[in-house]
Structure formats: C-alpha cells, structure tokens
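First comes the structure, then the notes that go with it.
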Amino acid sequence: MFSGKTAVVTGSTSGIGLNIARAFAKEGANIVINGLGNAQAIETERSKIETDFAVKCIYSAANMMIPDEIRKMIADGIAAFGSVDILVNNAGIQFVSPIDEFPDDKFEAIIKINLMASFYAIKAALPGMKAKGWGRIINIASAHALVASPFKSAYVASKHGIAGLTKTVALEVATQHITCNAIAPGYVWTPLVEAQIPDTMKARNMTKDQVINDVLLAAQPTKEFVTVDQVAALAIYLASDAAAPITGSIQSIDGGWVAH
Ligand code: NAD
C-alpha cells in the first residue's frame, strides 16, 4: 500500500512504535526508526525490518528532548529516501506521582517528549508533505488525551495537549491532502505499562495483581489489554486512501474506556 513512500516512526525501538514501523514496512514503505536502547538490539531490529519486508530502514538516534536532533531525524529521512510522507509521533514516557511530590524535571521531560517533540517533528516534516501534496501525520496520544487518572498529571497534560495540536494541524493543512489524526489507546501491554506498575503499587498501596486488575483493567470494560498489532492496524488504516477524509480526529482504541 505504501511502496515508494517513507514513514518516520519516533520511539520505534520498543512497544507500539516498533510494531507500527514493522506494519508500515510490511506495506512497502521505507522506514526511519528512532528511539533509545541498546545499540546491538536496535541494529538487530533495523536489519530485521529490511530482511523481513524487503524495504530500506535507517535508524535515527535523535533524542526527542532536543529540537535540533528532531529536525536532523526528518532531514536524514529526506536525504536517505527523498521524502518523509508519513510521520508517526509515538515516542513517549510516563511517570506516576502525586502532583505535590512530582519532580520538576520529570514533568518537563514528559511535556518535551510526549508533546513538544511532535511539534518539532511536524514543523520539520510539513514543508516536504506540502510540496508533494500528500501526507499523513499520526500522533500516538492515549485515552488520557480525553480523560484523566490521578497521579499522572504530566502525562495527562501532555496527551490532552497532543489532542489540541492534532486538531490544529489538521485544520491548517486540510485542503492539501495531508491528514493529521491521533490514536488514543487504552492500556496496551508494553514495557511502558509494565514499568509503571511498581510506582502505582507504592502510590496506591496495592499488590501487582491489584494494580493490573483494579487499576489498569478496571478502566477497560472489555477487561483485556489492547495489543500492539491492533494499534498498528489502526495506524495503517489512517494512512490509507480510505481514510483520506478522516482528519483532526482522536481515534479511541481502548476497550470502551472513555465510554463510561
Ligand atoms: P515503550 O516504553 O515500549 O516505548 C517508548 C519508545 O519511546 C521507546 O522506543 C523509547 O526508546 C522511546 N523514547 C523514550 N524517550 C525517548 C527520547 N527522549 N527520545 C527518543 N525516543 C524516546 O512505550 P509504549 O507503550 O510502546 O508507548 C508508545 C506510545 O504509546 C507513547 O506515546 C505512549 O504514551 C503511548 N501509549 C501507550 C499506552 C500503553 O498502554 N502502552 C497507552 C496509551 C498510549
């Protein structure tokens, strides 16, 4: 579906982002992966994308906290493949704490990575999309773009912010065959979710099983985690021609979480 196109997926060394990158590669797009982690493990994933799907894949080590590095990531994609047609802003971090104890540096890092990085990436990628008269921007938001949970002030603020950014960009480029949408997953079983369990156990004085059943899955009427493949399939759909009239939307994929 996307052969001849290039997709940049931020935070794609793990979890949702890695599966989205692989899904776009499966549909024939050349890929720029990005994210933190062990260099050898990242190289293994990068070369696996090339061999599994017969596309080209480069790795950008851009830190999403640093605007110059974000600009370079987009420039590297254009230099390697001629264009960046699909941008998936996925990199994200979480920190769980009551607000009166929330560390300043953690709050600022979450706003930078989860919100501001998307601004810098969109700003850098849009001129090329406008020149080609086609583009797809997909921001990985969260159910927390629509509703809040206690102890996640920075994350909820960043994800509500990305919802606003998504709608604004969509309006600005609506006549240019460029769409901008957000995906709002509920709980997806990834390292990000696993890592917040110990802090949630502490903040709520609960066991691990209580956190999984009474906090995480309590939010999802289906009582099941969303899978990374289901999120990736929605991203592919939003980039497809069938989704051309869908723009400025926040697509819930959350087992019914925000319905109640
Ligand atoms: P994850 O921890 O598995 O992956 C996060 C990715 O972001 C990794 O590749 C990591 O290296 C990268 N990253 C983190 N800080 C970075 C930085 N400074 N610069 C560059 N890359 C950086 O998490 P995930 O669960 O796959 O989350 C991906 C996105 O989905 C996030 O935006 C998250 O908020 C969102 N999300 C996740 C869930 C869930 O339940 N897992 C639910 C809703 C939304």
> Over the heavy atoms of Tyr155, what accessible area does a 1.4 Å probe trace out, to the nearest 10 Å²?
Replying inline: 30 Å²
> Among the trypsin sites (Lys or Arg not before Pro) within the stretch 158-260, which fall in a DSSP loop and have no more than 16 other Cβ atoms within 10 Å of their own Cβ?
Replying inline: Lys223
> Local charge sum around Ile111 (other residues, Cβ-Cβ under 14 Å, Lys/Arg +1, Asp/Glu -1)?
Replying inline: +1
> What accessible area per residue, rounded to a whole number of Å², is obtained for the chain using a probe radius of 1.4 Å?
Replying inline: 44 Å²
>> Under 26 Å between alpha carbons, and skipping anything fewer than 8 positions from Lys167 in its own chain: which lysines qualify?
In response: Lys5, Lys72, Lys112, Lys123, Lys130, Lys132, Lys152, Lys159
>> Can you give me the % of accessible surface on the chain that is carbon or sulfur? Probe 1.4 Å, all protein chains present, nothing else counted.
In response: 56 percent
> Using a ≥ b ≥ c from the Cα gyration tensor of the stretch 172-232 (square roots of the eigenvalues), is it rounded, prolate or oblate, where a/c under 1.5 gives rounded and otherwise the larger of a/b and b/c decides, a/b for prolate?
Replying inline: prolate
> Looking at the stretch 171-260, which GluC sites (Glu not before Pro) are DSSP coil and have at most 12 other C-beta atoms within 10 Å of their C-beta?
Replying inline: Glu224
> Could you give the dipole magnitude of the chain about its Cα centre, charging the beta-carbon of Lys and Arg +1 and that of Asp and Glu -1, in debye to the nearest 20?
Replying inline: 500 debye
> Hey, what number do you get for the chain at 222 nm if only DSSP H runs of n ≥ 4 count, each worth -39500 (n - 2.57), divided across all residues, to the nearest 500?
Replying inline: -14000 deg cm²/dmol
>> Contact order normalised by length for the chain, with contacts defined as Cα pairs under 8 Å and 6 or more residues apart; what percent is it?
In response: 19 percent
>> Could you put Asp104, Asp199 in order of accessible surface area, largest first, with the 1.4 Å probe and the full protein assembly present?
In response: Asp104, Asp199
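The values are calculated or read from the model by the stated rules, or taken from the named source; none is laboratory data. The model shown is predicted, which means the values in this text are computed figures rather than measured ones. Heads up, the Cβs are rebuilt from the backbone with ideal geometry, glycines too, and the neighbour counts pull from every protein chain shown. Just the protein is used for accessible areas: all its heavy atoms, side chains included, with ligands, DNA and RNA removed. Shrake-Rupley method; radii C 1.70, N 1.55, O 1.52, S 1.80 Å.
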